Amino acid sequence: MSMKFIKQLPTAEVIIEQLPLPKHVSNLRNLHVNEMKKIFANDDDRFILIIGPCSADNEDSVCEYIEKLAKVQEKVKDKILMIPRIYTNKPRTTGEGYKGMVHQPDPGKKSDLCEGIKAIRRLHIRALSEFSMPAADEMLYPENYSYLSDVLGYIAIGARSVENQQHRLTVSGIDLPVGMKNPTSGDLTVMLNSIIAAQSNHTFIYHGWEIETTGNPYSHAILRGAVNSSGQNIPNYHFEDLINIAGEYEKLDLTNRAIIVDLNHANSIKRYYEQPRIAREVLLSRKYEPLLKKMIKGLMIESYLVEGRQDIGENIYGKSITDACLGWESTEKLIYYIAENI
């Protein structure tokens, strides 16, 4: 057998007992989650921004970023609900590179999944406790959800995971808004099928149990652009793209239909500085077409304290070690622009 069993990881129950979420913080988190649900269910017309670093690589810099975000949130709270990105699991196309804090609590050291699980729970609890903003994380591994099930506010299913059956079925049993990205190929049918599956009830195997789910009515689409067979990036945020997906979405028998537009990745052709321009275009399309205004609930933005990206070992505080991000100054301006133009 070519697998080496290193150590058995503690169960979610053990980790939660070691790192509990205070009751008053849990109550506050639940209130904020209910606010998100109302937006996705068309009972609140505020605009959502899922915003923050590409990857959460350092607890202090991530929390400093969220502290700044919380101050701006207070100023725009009547128009915008912000969900900070604390992405602790990172998909890697070739399997190489930094896989996130759950693998490497310290990016400069070797993988340690046991300490990584504790580190990501501590980070989510700290951010939630200090700034009262339930965060978004990517569900790269469905089995890891149980370690964070009581602290998360939002979940994203990535472009490489959205076709996976276990991801789809797990989402059907989660009581949170969950965004399903279009796959890297750009095939909208794959994304829409994943939403149908997530909003439906299922019986399947999870953590060694036979379980039954009731469906997640708050699962929805995230448009992140695509990559064609020649490796070229193909954006899908333009007006014609949005009208097409909205029209196909409308045909489905679903409880809720909502779209989040990812401003980075293939939509920006990984030119992080294009995110404000793309936001302006999406907002104009949304103003022009009533169906888009109803269906486009928000944007996903990658930003951090310092703009751009760096390699591991450069040690520039608050600068991304994965995809390049907007810096704070540009981010703050963009948030205020969005608040004035939704």
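No lab work stands behind these numbers, since they all come straight from the coordinates. Keep in mind that this is a model prediction, so the values were computed, not measured. Don't worry about glycine lacking a Cβ; one is built from the backbone with ideal geometry, like all the others, and counts go over all protein chains shown.
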Just want to confirm a number: the relative contact order over the range 223-274, from Cα pairs under 8 angstrom separated by 6+ residues, in percent. 46
Would you mind putting 260-268, 323-331 in packing order, based on average other-beta-carbon counts within 10 Å, highest first? 260-268, 323-331
What share of Cα pairs, in percent, lie more than 27 angstrom apart in the range 1-144? 27
For K118, the lysines lying under 20 Å Cα to Cα, once residues fewer than eight places off in the same chain are dropped, come out as K7, K23, K90, K99, K109, K110
Counting DSSP beta bridges in the range 15-341, what percent are antiparallel, to the nearest 5? 20
What does the extension gain come out to for K79 and R122, with contour length at 0.36 nm per residue minus their alpha carbon separation? 12.5 nm
Counting only DSSP beta bridges with both residues in the range 59-209, what percent are antiparallel, rounded to the nearest 5? 10
What does the net charge come to around E163 if you take all other residues with beta carbon closer than 13 Å to its beta carbon, with K and R at +1 and D and E at -1? +2
The range 126-178: which trypsin sites (Lys or Arg not before Pro) are DSSP loop and have at most 15 other beta-carbon atoms within 10 angstrom? R160
Multiply the residue separation of K110 and Y141 by 0.36 nm, subtract the distance between their alpha-carbon atoms, and state the gained length in nm to one decimal. 9.2 nm
Return the whole-Å distance between the Cα centroid of the range 140-192 and the Cα centroid of the range 291-342. 22
For E274, put the label point 7 Å out on the Cα→Cβ axis and report which residues of the range 201-230 keep their amide N under 14 Å from it. 224-228
Based on the alpha-carbon set only, what is the convex hull volume of the range 15-341 divided per residue, in Å³? 128
Paramagnetic reach from N201 (point 7 Å along Cα→Cβ, amide N under 20 Å) across the range 237-272: 253-256
With a cut-off of 8 Å between alpha carbons and a minimum separation of six or more residues, what is the relative contact order of the chain in percent? 16
How much mean residue ellipticity at 222 nm does the chain get from its helices, if each DSSP H run of length 4 or more adds -39500 (n - 2.57) and you divide by all residues, to the nearest 500 deg cm²/dmol? -11500 deg cm²/dmol
Relative to the Cα centre, what is the charge dipole magnitude of the range 234-342, using +1 at the beta carbon of each Lys and Arg, -1 at the beta carbon of each Asp and Glu, and rounding to the nearest 20 debye? 280
Any chymotrypsin sites (Phe, Trp or Tyr not before Pro) in the range 198-288 that lie in a DSSP loop and have at most 14 other Cβ atoms within 10 Å would be none
For the range 241-342, share of DSSP beta bridges that run antiparallel, in % to the nearest 5: 10
